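Encoded as structure tokens, the structure appears first; notes follow it.
The values are calculated or read from the model by the stated rules, or taken from the named source; none is laboratory data. Quick caveat: nothing in here was measured; it's all calculated off a predicted structure. FYI the Cβ positions are ideal-geometry reconstructions off the backbone, even for glycines, and counts take in every protein chain you see. The accessibility values were calculated without ligands, DNA or RNA, using every heavy atom of the protein model including side chains. Shrake-Rupley method; radii C 1.70, N 1.55, O 1.52, S 1.80 Å.
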Amino acid sequence: MKINFKKTYKFAVKSSLYISVFSTAFVVLLLMSLFHYTFKSLLFFGIIFLIGIYAFSFLVLQYRVERFIYRRVKKIYDDVSLLESSSLLNQPITTDMETLTREVKKFATDKKLEIEMLQVREEYRREFLGNVSHELKTPLFTVQGYISTLLDGAMEDKTIRKKYLKRAEKGVERLIYIVEDLDMITKLESGDLNLEYTNFDIVELIQNVFDLLEMKADKKKITLAFENSPVHPNYVRGDKDRIQQIVENLLVNSIKYGREKGLTEVAVINLTKEKVLVRISDNGEGIEQQNIPRLFERFYRVNKSGSRSEGGSGLGLAIVKHIIEAHKEKIYVESEYGIGSEFSFTIEKAVKADKVIT
């Protein structure tokens, strides 16, 4: 690959000037001490000598710089194949050492950051594949075990056959649940999932989710309630189905990690003229601080054994985060271990309650 060199002469110009001035001053002083030349003669001689030595020094220095420094620099550029993809080659390679040093330093820094990012991504990829394998393995082995038992002879017993087929069906349902959540995250990340914006009452939506999860909460005697009563209608703008999915996922988590006879409260707050804040707080086991930064990672679980026994795909909070970001909103987490957790997110306030926004 041909390297385009841009010649600069700053180094040769400055160095030649220093050499010529010093040499001229030395020679003039030497002549003054040894010979009795007139001032006019010395001045004329000094100017001629200065010009001559300057031109000679400049040519020699520039030639030597190009031959013994930049040829080697060019060879380095040619030999390092990584430079072919670098933006460093988009500009002429300068013979100004200061500029060259700065460009190479910037290139090295960019490459270091790129390598570190690739290492992080590779680690995340390995962890993600491991998590996917682990999540799919359990229901797959469950289904396989029940079917194998039936094929080995248990199928003749109608009671066992029905019981094992129902258990196998639950394993298949869990597989479908995980795959559907993965598909949704993929669409959210790629921008393929279109959001249908409408105006709706967020209070009514939350109440519907309360009704939906009432039986699940009753199993642990957890109370689902609004923080302040009575709660008045509050219209917001967003994709109603996706916002319901956010509220449902957050409430399911509060029930899953909540304590027996606990309390989960939801508050709807008019944060500004344009934004509404939805806050979901509980008095459950809470989250340790070191786990909070990773809460929204796919398949990340704070309590790996307990949460798996409760079901779920391990993708709930990751989906919540992506839906919030798709709405260009923010989600916040506050938690104190042993006391409880609080999740809150913003959503745009609707201008009119009955207007559908397309």
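At-a-glance table
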quantity: Along each principal axis, Cα extent of segment 197-328, largest first, Å; calculated: 42, 31, 24
quantity: Computed log₁₀ I(q)/I(0) - Debye formula, equal Cα scatterers, no solvent, segment 225-287, q 0.11, 0.12, 0.14, 0.23 Å⁻¹; calculated: -0.29, -0.35, -0.47, -1.07
quantity: Order of exposure, largest accessible area first, which applies to H327, H232 with probe 1.4 Å; calculated: H232, H327
quantity: Residues E116 and L31, FRET efficiency given R0 of 45 Å [Cβ-Cβ distance, rounded to 0.05]; calculated: 0.10
quantity: Antiparallel DSSP beta bridges within segment 147-306, percent to nearest 5; calculated: 75 percent
quantity: Portion, in percent, of the accessible area of segment 101-194 that falls on carbon or sulfur, probe 1.4 Å; calculated: 58 percent
quantity: Within-15-Å neighbourhood charge of K221 [Cβ basis; K, R +1; D, E -1]; calculated: +2
quantity: Cα-derived Rg over Rh, computed across segment 132-200 with Rh taken as Kirkwood radius; calculated: 1.25
quantity: Accessible heavy-atom area order of F210, F39, highest first, probe of 1.4 Å; calculated: F39, F210
quantity: Accessible surface, 1.4 Å probe, highest first, among residues V21, V231, V209, V252; calculated: V21, V231, V252, V209
quantity: Cβ-defined net charge surrounding A267, 11 Å radius [Lys, Arg +1; Asp, Glu -1]; calculated: -2
quantity: Compactness of segment 122-251 as Cα Rg over 2.2 N^0.38 Å, two decimals; calculated: 1.47
